[in-house]
Amino acid sequence: MRTLTSATMLPARIYAIPLAALFIASCAGTGSNWNLNNLTGPASAPPAYNADQIAGRYGLAAYQREEDRTRTEGEARQQCRQPYEIAKGPSGGVIMHLADQSEPQELQLKGLAGGKTFIGPEGEAGGDQDREVVSFDGKVLILRWVNTETASRYGTAIYVRCEGTPTAKKRSPSKKTAAKSQPKAAPKAQKNSPVFMAPPPDNDDPPPSNN
């Protein structure tokens, strides 16, 4: 009887083991998928702005405290006399400077789910060299560095669009005198030249004498 009972229950044990293994595997698989979803960040998405919208000439300033934002915006507007130009790059990005680099390069506009937009080199959005677009209404662009150490040194940058602002202030006082005297146009061209360019040499030496 004992032999018959054990032999009868043997197939049940054989079938029970695979069923238990399948149950454990399904639970483990569900758990692993859940953990992977939690570890991944927000999905990439199209940026909220494009290069055509951002390209232009801006007055640039920066602030560290949010309460200084309004005052800094006024300071940035005054910098339109020597504007910072953001050009459109050949690959659809924008030409701007990275932190601690003297030469500008093309940076990409990158988006994340939730409406966030970043400006930075090729790679995932929100990288260590990226800047987040805090806000942009077409006239005022506010960028914040993702890297906290960089942000502590450079602050939050505020760009105030200034197309037409410098020329309007210069021509409004006296339009008649500007039309009559054309030589005054030369200093205006020099003011728009880059700051790093040295002025032309002065040729004030007297002509050599014939004696």
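Annotations for the structure displayed:
- Subset of segment 142-175 (residues that are of a type outside the set (A, V, I, L, M, F, W, C) and either modelled with pLDDT of 95 or more or assigned to a strand (DSSP E or B) (or both)): ARG144, ASN147, THR148, GLU149, THR150, SER152, ARG153, TYR154, GLY155, THR156, TYR159, ARG161
- When residues of segment 59-112 are limited to those that are in contact with an Asp or Glu (Cβ under 8 Å, 6 or more places away or on another chain) and closer than 16 Å to VAL133 by Cα, the one surrounded by the fewest Cβ atoms within 10 Å (Cβ to Cβ): HIS97
- Checklist (1) at pLDDT below 80; (2) over 26 Å from GLY120 (Cα atoms); (3) not polar (S, T, N, Q) applied to GLU67, failing item: (1)
- Residue match in segment 70-86 (condition: of a type in the set (Val, Ile, Thr) and assigned to a strand (DSSP E or B)): yes
- Residue within segment 109-123 that is without any contact (Cβ under 8 Å) to a residue 12 or more places away in the chain and either of a type in the set (Ser, Thr, Tyr) or closer than 16 Å to ILE158 by Cβ (or both) present: no
The values are calculated or read from the model by the stated rules, or taken from the named source; none is laboratory data. These numbers come from a predicted model, not from an experiment. Here Cβ is always computed from backbone atoms with ideal geometry, including for glycine, and neighbour counts include all displayed protein chains.
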